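Worksheet for the structure shown next.
The values are calculated or read from the model by the stated rules, or taken from the named source; none is laboratory data. Please read these numbers as outputs of a predicted model, since none were measured by experiment. Quick reminder, even Gly has a Cβ in these numbers, built from the backbone with ideal geometry, and neighbours come from all protein chains shown. Surface accessibility is based on the protein's heavy atoms, side chains included, excluding ligands, DNA and RNA. Shrake-Rupley method; radii C 1.70, N 1.55, O 1.52, S 1.80 Å.
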Amino acid sequence: MSTKKKKYYVVWLGVNPGIYDNWTETQLQITGYPGAKYKSFKTRAEAESAFGDTFDEHYVKKEKKTIIPEFDKSIIIEDSISVDAACSGNPGVMEYRGVVTYTGVEIFRQGPFNFGTNNIGEFLALVHAAAQLKKEGNSTTTIYTDSRTGMAWLRKKKVKTMLKKTNSNVKLFKMLARAENWVKNNSIENPIVKWDTKNWGEIPADFGRK
């Protein structure tokens, strides 16, 4: 029987910044904390070393790596951005972001939000990207997503989630309502394309926490 490898978590920005040896304690430091910054490491030594650095030194470096090395980049539309969400549990702590597809440079990030779902994050990421491009007057840049559900909600202009509204996720539901209202009152001209994970690997906006 395999044993799950232990991880150590560095919280640079949270309720109580520090190093934690379990996800439960880490969640208490980041849940509901605006702009929380944290990352997991394989050993305590790595975590202790990282805690002496800034969050950007460990996050930005990863983002600037070549994102699509496994296949011919000509398959992918260069003028594009990619969006994705991550959720620890279902429901659980959720966040979403958008990146430049070819470089992985982050364009926007929202969260973490308490008591959300991955589908909600994927939908919000799509709307965030579409709204930002529209504000910029950009109707040509392609938006990649690996979420069929997010695309369906966007197409139908209606969120169909089983998640219940609680005191813990009031802010998230307000964001959902605003996003749904934006979709109903705005046309989206930018192409929205399903990312082919099977053949292309993880979408560049993936949080890498699988």
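Most mobile of 88, 80, 49 per a Gaussian network model of the chain (Cα springs, under 10 Å)?
Ranking 88, 80, 49 by mean-square fluctuation puts 49 first.
Explain nothing, just compute: Karplus ³J(HN,Hα) = 6.51 cos²θ - 1.76 cosθ + 1.60, θ = phi - 60°, for every residue of the range 167-184 in order, whole Hz, x for Gly and Pro.
Rounded to whole hertz, the list is 5, 7, 10, 4, 4, 5, 5, 5, 5, 4, 4, 5, 5, 5, 5, 4, 4, 5.
Apply the a/c threshold of 1.5 to the C-alpha gyration tensor of the range 128-208 and tell me whether it is rounded, prolate or oblate.
oblate
Taking the solvent-accessible surface of protein heavy atoms with a 1.4 Å probe, what is the per residue accessible area of the chain in Å²?
Using a 1.4 Å probe on heavy atoms only, each residue of the chain averages 56 Å².
Return the aspartates and glutamates within reach of residue 160: Cα separation strictly under 20 angstrom, same-chain partners fewer than 8 residues apart disregarded; answer none if there are no such residues.
84, 95, 122, 146, 180
At R0 = 25 Å, how high is the FRET efficiency between residue 5 and residue 197 if r is their beta carbon distance? Nearest 0.05 is fine.
0.55
What distance in nm lies between label points placed 7 Å from Cα along the C-beta direction at residue 185 and residue 162?
Once both label points are built, they end up 3.2 nm from each other.
On the protein heavy atoms, probe 1.4 angstrom, tell me the percent of accessible surface of the chain carried by carbon and sulfur.
Carbon and sulfur together cover 51 percent of it.
Under a plain spin-label model, where a point goes 7 Å from the Cα along Cα-to-Cβ, how far apart in nm are residue 44 and residue 105?
Distance between label points: 4.0 nm.
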